[in-house]
Amino acid sequence: LKDLLARGGVIGGTSAGASVVTSIMMAGGRKSEPITTNGFGLFPDAIVDQHFFKRNRTGRLLKLVEQHPE
């Protein structure tokens, strides 16, 4: 996948497939308590939280950004 990106290719996903492309992957949690794991690191400077608006996940995303401001 990294070689594909280096050639200018595109990688995409939905739900967990979107989250796994980052270095710090949102793996679960409720409200302001995110549960994370390591992602693929293809999009290292971002955090992706799936079903964000539908499941009201603002608190856990803000907490994770607070924990990893880089």
| said: Using only DSSP helix segments of four residues or longer, with each worth -39500 (n - 2.57), what per-residue ellipticity at 222 nm results for the chain after dividing by its residue count and rounding to 500? | reply: -6500 deg cm²/dmol
| query | Which loop-located trypsin sites (Lys or Arg not before Pro) does the stretch 1-63 contain, where loop means any DSSP state but H, G, I, E or B and the Cβ has at most 13 other Cβ atoms within 10 Å? | reply | R7, K31, K54, R55
| message | Using a Cα-Cα cut-off of under 17 Å, which lysines could be cross-linked to K31, ignoring same-chain neighbours fewer than 8 residues away? | response | K54, K63
| task | Measure off, as a whole percent, the carbon and sulfur share of the 1.4 Å-probe accessible area of the chain, all protein chains present. | result | 55
| said: Per residue, how large is the accessible surface of the chain? Use a 1.4 angstrom probe and give square angstrom. | reply: 71
| task | Have a look at the chain and give its Rg and Dmax from the Cα atoms, expressed in angstrom. | result | 12.5, 39
| Degrees between helix 58-67 axis and first principal axis of the chain (Cα, 0 to 90, nearest 10) | 70
| query | If you build a Gaussian network model of the chain, linking Cα atoms that sit under 10 Å apart, which residue out of T36, T58, T14 swings the most? | reply | T14
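The values are calculated or read from the model by the stated rules, or taken from the named source; none is laboratory data. Remember, predicted model here, so these are calculated numbers, not experimental data. Please note: Cβ atoms are built from the backbone with ideal geometry, for glycine as well, and neighbour counts cover all protein chains shown. Note: areas computed on protein heavy atoms with side chains; ligands, DNA, RNA excluded. Shrake-Rupley method; radii C 1.70, N 1.55, O 1.52, S 1.80 Å.
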